[in-house]
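The values are calculated or read from the model by the stated rules, or taken from the named source; none is laboratory data. Source: prediction; values computed, not measured. Positions of Cβ are generated from backbone atoms using ideal geometry, with glycine treated the same way; all protein chains shown enter the neighbour counts.
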Amino acid sequence: MINLNHGSGYRLPTIADAINGLVDMALVTERASQPPRRYLGASALGIACARALQFDYTATPKDPGRDFGGGILRIFAAGHRFEDLSIRWLRAAGFDLRTHRRDGGQFGFSAAGGRIQGHIDGVVVAAPPGVGMAVPALWEHKALNHKSWQDTVKRSVAVSKPVYAGQIAIYQGYLDLPAPALFTALNKDTCELHHELVPFDGALAQRLSDRAVTVLRATDAGELLARHSTNRDHPECRRCAWQDRCWRMP
Ligand code: SF4
């Protein structure tokens with residue numbers, strides 16, 4: 001048969017398009033059915049922009065087309081599966097790694113009347129002989145792509161991933177786990193594992209805690225916090241789900 005569409009740029013949808021469309025729609029619908037978060041998540045307190053934190057805390061609607069799509073939701077779900085694997089492997093290696101309370105809930109903390117909350121990946125309560133780490137210690141896990149993983153291995157989590165370092169510091173502070181945290185990064189492409197001990201950075205934890213209070217106070221007062229940049233094309237702004245809304249505002 002002559003392909004009359006040849007050269008028109010039109011491509012008939014494939015079975016992969018059809019199935020992936022259904023999968024993504026199901027994931028987006030599932031997420032939309034979950035109640036919105038009503039607290040400031042401690043994991044994000046180290047991001048560059050306090051205004052973005054405020055938008056997130058107040059559940060400000062994201063710009064059209066900027067909410068999480070099926071692709072990113074699949075990446076999040078895969079991250080949880082990778083974390084399950086790392087937990088299993090560490091336990092098999094002899095770590096007593098606790099990840100859930102007796103009632104099945106995640107360990108975490110709540111401050112400022114529940115308006116600041118954080119949920120941790122786990123706590124190492126005993127390490128195999130020869131590992132040489134103090135316990136109990138916070139355990140934080142990330143599954144990273146190859147490039148990101150290599151950079152973390154080379155430069156350490158504190159330098160390569162300061163937002164994760166902030167997350168670790170504030171969790172250590174609020175959960176009173178001052179021993180160096182065990183950070184595990186799994187390479188999603190090769191399944192290599194990287195581990196490093198992260199000493200407690202009390203000054204960083206305090207700075208981020210103060211930042212959280214600033215966001216809450218400004219929100220209570222009906223004030224919008226300053227942008228972190230004067231350039232809407234800053235990389236953080238280009239990644240930000242509120243970019244259009246933010247730069248329309250005074
Ligand atoms: S667009 Fe930029 S300045 Fe505005 S909230 Fe987002 S990151 Fe902050």
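One line per residue, one yes/no per condition, for (1) touching a Phe, Trp or Tyr at 6+ places or on another chain (Cβ under 9 Å); (2) touching a residue at least 60 places away in the same chain (Cβ under 8 Å):
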position	(1), (2)
G21	no, no
P36	no, no
G41	yes, yes
L53	no, yes
T60	yes, yes
I72	no, no
I75	no, no
A78	no, yes
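Filter the stretch 28-54 for residues that are outside any helix (DSSP H, G or I) and closer than 21 Å to N231 by Cα and give the result. Write out each step before concluding.
Restricting attention to the stretch 28-54, the residues satisfying the condition of being outside any helix (DSSP H, G or I) are 33-41, 45-49.
If the condition is that a residue be outside any helix (DSSP H, G or I) and closer than 21 Å to N231 by Cα, then G46, I47, A48, C49 are the ones that fit.
Condition test on L182, is it assigned to a loop (DSSP other than H, G, I, E, B), buried (at least 18 other Cβ atoms within 10 Å of the Cβ) and either out of contact with any helix residue (DSSP H, G or I) (no Cβ under 6 Å at 6 or more places or on another chain) or at positive phi (or both)?
So L182 fails the test.
So which of L22, L53, L45, L12 is at pLDDT 95 or above and farther than 22 Å from G166 by Cα?
L22
Matching residues to (1) near the ligand (Cβ under 9 Å from one of its atoms); (2) more than 23 Å from the chain's Cα centre (by Cα); (3) farther than 30 Å from P178 by Cα:
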| site | (1), (2), (3) |
| --- | --- |
| G202 | no, no, no |
| D210 | no, no, no |
| T219 | no, no, yes |
| W247 | yes, yes, yes |
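Right, G94: modelled with pLDDT under 95, over 27 Å from Q54 (Cβ atoms) and not in a strand (DSSP E or B) or not? Lay out the reasoning, then the answer.
Values: modelled with pLDDT under 95: no; over 27 Å from Q54 (Cβ atoms): yes; not in a strand (DSSP E or B): yes.
No: the conditions fail for G94.
Taking the stretch 26-57 on its own, how many of its residues are more than 16 Å from the chain's Cα centre (by Cα) and exposed (fewer than 12 other Cβ atoms within 10 Å of the Cβ)?
The qualifying residues number 8.
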